[in-house]
Amino acid sequence: MLLRRDLSRIRGMVDLSRTGLSGLRREGEAFFLGATTTFSEAARALRTCGAAPALSRALGIAAATPLRNRITVGGSIASFPLWSDLMGPLLALGSSVHLRGRVAKTVPLEDYVTTPDLRKGTLVTGCSFFDRPWRVWYHREVRVRFDYPAFTLTLLALVEEECVKELRAVLVGCRNRFSRMTEIEEALRGFPLGTELPGGLGRRFDVAFSERPHGSAAYLREIAGVWVERGLSALLGNGKDS
Amino acid sequence: MQGRFRVNGKEALWTFEAGATLLDVLRENGVTEVKEGCREGHCGCCAVLLEGVLVDSCQVFAATAMEREITTSRGLGDLRAPSAVQQSFVDAGAVQCGFCTPGMVLATHALLEERPEPTEEEIAAGLDGNLCRCTGYVKIAEAVRLASERRRAGGNCGGGGGCGA
């Protein structure tokens, strides 16, 4: 995005890639991803240690190879483009953002993206999250594989004794940029695996889209519902689409 | 501003605007095998290896590439001593208009460095940032498989001359 601006009047630049804010590290039970870690580096590091498979998968298929080698976690959090493959999994994991500058503290990612004041005069130094034994399902709605996604869907399910203990469902790319589908999460709390999913889940969440090159707002809403049902079916394994 | 660049093992001191992209600085200084395509990071024609990592030079500020090793397709080999990847593109007929070829060659080189024996899926993923306007993808994928075989066999080009991996 910076590349598209007129920088002819600037007097100097700070190259953040040389600030040492790169890499994945473990801090107790949490994982910390440095702001200048590229998508490729993050996907590789997460895969190596078997952490956050939804995030690892999403970053590994985002954009295209040369861009994954360049796009950073911090830049993507700060700019949060509609087509982000990073934000869905991060929001679903309940991540926190580490800030320096005018506001020097760690805040929930959800607060960071919904509170403009937190983004003024601050530098994202990284993000952290706790990993749990989630069942994961991730979908990017694209016309062709190298396309920007119209939206992404992240579903995480924590299963105990063959029942859904906790479900997290996040859609990124809607009119409000992202939506936590709490209606779905609550409807399926305690759901016993292997049984028939309740009907009409694809219509049971409140998400609005804008008109996009990928399709009309109505089309995107309809197709999002279809993918939510397919994803839940695959994730909770009642057999139909898994 | 001025900066020192290392391109294909050679050092150069170049003057450029602070907001200039690496693509612009390379081409303004005669490194024209790096092609200018979309300038938006979609087509991969301007691909280079920055410290061995495949990037679109149109998406890199030149200032961030100073003092770092930049490799273009010319740095992998030349007419007299082509790399296995370059020779494989020739032998597989994977060059039509040729505009995407420098980027395709570099993407293939980067892929094979990481995955010496890539699957079809890995080939598609490794080259997903490079577009061929002639749509010659079948032969390009064939060239990647041929290069993979040759590199694993010790870098033999299969043609008349010797070549590096």
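The values are calculated or read from the model by the stated rules, or taken from the named source; none is laboratory data. Note that the structure is a prediction, hence the values are computed from the model and not measured. Counting neighbours? That spans all protein chains shown, and the Cβs are built from the backbone with ideal geometry, glycine included.
Tabulated results
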| item | result |
| --- | --- |
| Condition check for A:SER17: farther than 22 Å from B:ASN130 by Cβ, assigned to a loop (DSSP other than H, G, I, E, B) and out of contact with any Lys or Arg (no Cβ under 8 Å at 6 or more places or on another chain) | no |
| When residues of segment B:96-119 are limited to those that are surrounded by fewer than 20 Cβ atoms within 10 Å (Cβ to Cβ) and away from every other protein chain (no Cβ under 13 Å), the one nearest to B:SER57 (Cα to Cα) | B:PHE99 |
| Per-region count, segment A:86-105, residues in contact with a strand residue (DSSP E or B) (Cβ under 6 Å, 6 or more places away or on another chain), buried (at least 22 other Cβ atoms within 10 Å of the Cβ), part of a loop (DSSP other than H, G, I, E, B) and not small (Gly, Ala, Ser) | 1 |
| Segment B:120-150 - residue that is in contact (Cβ under 8 Å) with a residue 60 or more places away in the chain and in a helix (DSSP H, G or I) and, of those, farthest from the other protein chains (Cβ to nearest Cβ) | B:ARG150 |
| Qualifying strands (runs of 3 or more DSSP E) (wholly inside segment A:136-242; at least 1 residues being over 22 Å from the mean Cα position of the chain (by Cα) and not assigned by TED's automatic domain parsing to the domain that holds A:ASP85) | A:152-160, A:163-174 |
| Hits in segment A:129-148 (condition: closer than 20 Å to A:VAL97 by Cβ and surrounded by fewer than 20 Cβ atoms within 10 Å (Cβ to Cβ)) | A:PHE130, A:ASP131, A:ARG132 |
| Criterion: touching a residue at least 12 places away in the same chain (Cβ under 8 Å) and crowded, with 16+ Cβ neighbours inside 10 Å - qualifying residue of A:GLU185, A:GLU196 | A:GLU185 |
| Search result, residues across segment A:149-169 that are β-branched (Val, Ile, Thr) and surrounded by 23 or more Cβ atoms within 10 Å (Cβ to Cβ) | A:THR152, A:THR154 |
| Filtered residue count, segment B:65-75, keeping only those that are more than 10 Å from chain A (Cβ to nearest Cβ), buried (at least 22 other Cβ atoms within 10 Å of the Cβ) and assigned to a helix (DSSP H, G or I) | 1 |
| Test: residue in segment A:160-170 that is within 14 Å of chain B (Cβ to nearest Cβ) and closer than 30 Å to A:TYR219 by Cβ | no |
| Elements of type strands (runs of 3 or more DSSP E) in segment B:10-64, at least 2 residues being at the interface with another protein chain (Cβ under 10 Å from one of its Cβ atoms) | B:47-50, B:53-56 |
| Subset of segment A:134-173 [among the acidic types (Asp, Glu) and within 21 Å of A:GLY190 (Cα to Cα)] | A:GLU160, A:GLU161, A:GLU162, A:GLU166 |
